[in-house]
Each structure stands twice: as C-alpha cells, then as structure tokens.
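As structure tokens, the structure follows; a few thoughts come after it.
The values are calculated or read from the model by the stated rules, or taken from the named source; none is laboratory data. In this text, all values refer to a predicted model and were calculated from it rather than measured experimentally.
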Amino acid sequence: MITSTTRITGKPIIEIGLPGIFDPCIVIIVVAVLLAPIIFLTFLLLSFFLVICIINLIVILFLIIIFLLIDLLQFFYLHDNWDRASNYRGIHGK
C-alpha cells in the first residue's frame, strides 16, 4: 500500500486529495507574502523606538552632567559666601 509519504522514483509525493491551491509550495509563498509587511513594519517600529530611546538616554545623561556641574560649581565657588543672598535682600548680618 502506498501512503502519502512514500516516494515513487521519478514521480512527486502522492497527494492526499487536496486541491492544487493547497500545494505546500503555494501556501508557503502566500504566508510569506502576507507576513512580510507585518514583520517589516514591526522591525521598523522597533528600530524607531530604539532610536528614540537612545536619543532620550543621551539627552537625560547630558542634563544630569549639566546639573552635576552646576551643583559642583555652587559647592566650590559659593559655599564660603552663603550670606551673600542676605545682602541682596537688604538684611545685613551683625
């Protein structure tokens, strides 16, 4: 008895009885054509969000460095003159 997986020399695998549109080669091509835009758009969106995340990270690190530099500037140059603000307010220390 010949089953659907038995190969006869020189002839294709015996079909189960499905019509030609369900030929595995055609099904694979149709599925690939239908999935290609979805996969492409998915990778495009992921790369877009990845670029946004990298830019966001760079901006945040830049701001952190700027604020740390401002903080260090205040610490090293203004720590010995904390009462300078009282002079601006018109309050003079004794």
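Could we say that Ile91 is modelled with pLDDT of 80 or more and β-branched (Val, Ile, Thr) here? So Ile91 does not fit the description; no. If we scan the range 20-36, do we find a residue that is modelled with pLDDT under 60 and charged (D, E, K, R)? No.
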